[in-house]
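The block underneath contains the structure these notes are about, expressed in structure tokens.
Read-outs: derived from the displayed coordinates by stated rules, not from any lab. Computed from a predicted structure; not experimentally measured. Cβ placement follows ideal geometry from the backbone for every residue including glycine, while neighbour counts extend to all protein chains displayed.
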Amino acid sequence: MRHLFTAVLASVLTLPAFAAKEAITYTEHVAPIVHEHCATCHRPGEIAPFSLMDYKTARAWGKSIKKAVHARTMPPWHADSEKTEFANDRSLSQDEIDTLIAWVDQGAKQGDPSKTPEPPEFNDTWAMGEPDFIFHSTRDFDIVPLEQKIKYQSIHLGPTLEEDMYITEWEIRHTAREAVHHANLIRSPKKLEHVGIGGAVQTGGDYIGSYLPGARPFGYPEGSAVILPKGNTIQIQVHYVGQEEPLTDHVMFGVKFAQGRVDRILRTIGTDNNDIEIAAHDANYTKRAEVKLMFPLTLFSSGAHMHLRGSGYTASAILPDGTEKLIADVPRYDFNWQVNYELAKPIEMPKGTTYRIDAKWDNSESNPLNPDPASKVTYGPWTENEMLTTWSHVILTEEKLGLKVKDGRVVGQFDDRIDKAHPFVLQSFPQTFGD
Ligand code: HEC
């Protein structure tokens with residue numbers, strides 16, 4: 001027994017030394033990482049500015065790859081995955097980071113081309129299968145070639161619904177995929193001039209979800225659905241980046257109808273804080289936003305929106321017994337990527353839980369996005385002002401609507417329903433969620 005233990009220990013101990021001596025090559029070590037973690041964006045016809053699928057280009061970008069993976073700015077994933085487990089995690093493990101860095105340090109060698117693994121297949125079709133219904137953009141957007149600073153576009157998708165529609169799956173597709181950096185989709189009773197998550201919820205609408213290259217459809221728990229109410233319009237806010245060729249984007253929002261029974265509606269809760277005043281050059285300004293819950297909720301995801309000086313935030317739930325549960329720690333907030341962090345395990349938040357965000361800003365010259373460290377910054381809607389809005393997808397834990405649904409439409413009700421929480425009780429943001 002003792003021998004076995006020593007033998008195992010010895011092999012564990014010698015592993016790093018062995019790994020360090022081993023020649024790291026593109027074909028054997030780097031390509032598998034690129035295929036899994038970079039290819040969704042770094043392949044021809046996708047948003048990233050260069051492909052990592054061929055050795056020569058990858059080698060040419062070697063130094064930049066080392067810097068980006070070391071600083072964890074690439075892949076774009078700004079949360080700490082050690083502290084919370086996420087369902088849509090894109091981050092690299094420390095091993096994978098070490099391998100990429102060692103490859104660059106050793107001269108970015110190619111290795112034996114016959115050992116290159118098969119590249120993943122990407123089909124330009126619906127990942128969720130054929131949708132039951134598709135909403136289309138009513139105005140296609142022309143993307144100016146090579147323009148890097150296109151204002152976020154608010155695009156309307158039709159038709160406007162004549163009756164409530166319940167859906168259990170959705171997917172967003174763009175015809176000019178290679179020019180779409182990311183996008184957020186909302187519904188609202190009225191057309192918003194500037195689409196935003198907070199604005200949608202404040203007008204009695206809701207945030208439905210986001211588009212990122214390679215994002216997979218969000219899976220809702222059994223018996224829950226998203227409602228697209230009668231009269232609401234669907235809108236999407238898109239961040240485009242100009243490519244070499246002129247392109248025109250047509251947006252599609254495909255949905256799968258709920259069937260059978262729907263008990264719970266997926267909704268967005270959130271909180272905000274507009275009391276922001278950041279002094280010139282202040283590298284570490286902090287602000288808290290919190291709300292006490294009046295209903296027991298089950299929480300599935302978390303996101304926050306700040307502007308160019310936003311540098312990080314933590315979202316947590318302080319349960320009535322004082323236990324603190326971390327929802328997400330995002331130490332590297334990046335305005336250019338508005339990520340919705342989906343939890344691998346939902347968090348139960350009893351009535352009386354405090355939903356809290358602690359956010360920070362960096363108004364110093366060491367923030368590369370900072371347009372003017374010498375200016376004082378206060379709350380406002382433009383990127384040169386600051387704001388703090390946060391959101392989470394939740395269900396009302398005790399909701400039991402007992403809706404009989406066929407092809408996304410309500411056709412009756414089950415007798416065991418509980419009317420305690422009506423679907424529209426919680427739709428104003430954020431006051432109705434707490435005191
Ligand atoms: C979700 C899409 C996406 C994924 C996944 C992704 N990238 Fe990127 N990458 C981009 C975009 C877009 C840019 C252009 C700069 C920007 O918008 O941040 C970029 C830029 C870069 C740059 C240029 C320097 C920089 O930081 O801007 C490097 C290097 C890079 N990516 C490496 C990688 C590597 C290595 C992986 C995989 C381990 C990866 N990226 C995964 C989208 C992605």
Taking Cα centroids, how far is segment 94-154 from segment 372-398 in Å?
28
What does the charge add up to near M387, with Lys and Arg as +1, Asp and Glu as -1, over the other residues with Cβ less than 15 Å from its Cβ?
-1
Translational diffusion coefficient (Stokes-Einstein; Kirkwood radius from C-alpha pairs) of segment 87-134 at 4 °C, 1.567 mPa s, in µm²/s:
87
Extreme residue, positive dipole direction of the chain, given options S301, A183, I150 (C-beta unit charges):
S301
In whole Hz, what ³J(HN,Hα) sequence does segment 182-188 give by Karplus (6.51, -1.76, 1.60; θ = phi - 60°), x for Gly and Pro?
6, 7, 10, 10, 9, 10, 7
Based on the inverse mean of 1/r over its pairs of different Cα atoms, what is the Kirkwood hydrodynamic radius of segment 14-115, in Å?
14.2
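Which whole-number percentage describes the relative contact order of the chain, with Cα contacts under 8 Å and a sequence gap of 6 or more?
Computed value for the chain: 18 percent relative contact order.
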Starting at 0 and stepping by 5 Å, how many percent of the alpha carbon pairs of segment 133-255 end up in each bin?
2, 11, 22, 24, 20, 12, 6, 3, 1, 0
Considering only DSSP beta bridges whose two residues both sit in the chain, what percent are antiparallel, to the nearest 5?
95
What the Cα atoms of segment 268-311 span along the principal axes, largest first and in whole Å, is 41, 18, 13
May I ask you to list, by number, the DSSP H helices of the chain whose Cα span along the axis is at least 18 Å and whose average Kyte-Doolittle hydropathy reaches 0.5 or more?
2-21
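For segment 133-255, what's the relative contact order in percent, using C-alpha pairs closer than 8 Å and at least 6 residues apart?
Reported as a whole number, the value is 50 percent.
Just order 59-68, 199-208, 359-368 by mean Cβ neighbour count inside 10 Å, highest at the front, would you?
199-208, 359-368, 59-68
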Give me the percent of Cα-Cα pairs in the chain that sit more than 32 Å apart, rounded to a whole number.
44
Within 10 Å, count the other beta carbons around each residue, average over each peptide in 401-412, 371-382, 162-173, and list them highest first.
162-173, 401-412, 371-382
Helix-only [θ]222 nm of the chain, DSSP H runs n ≥ 4, -39500 (n - 2.57) each, per residue, nearest 500:
-4000 deg cm²/dmol
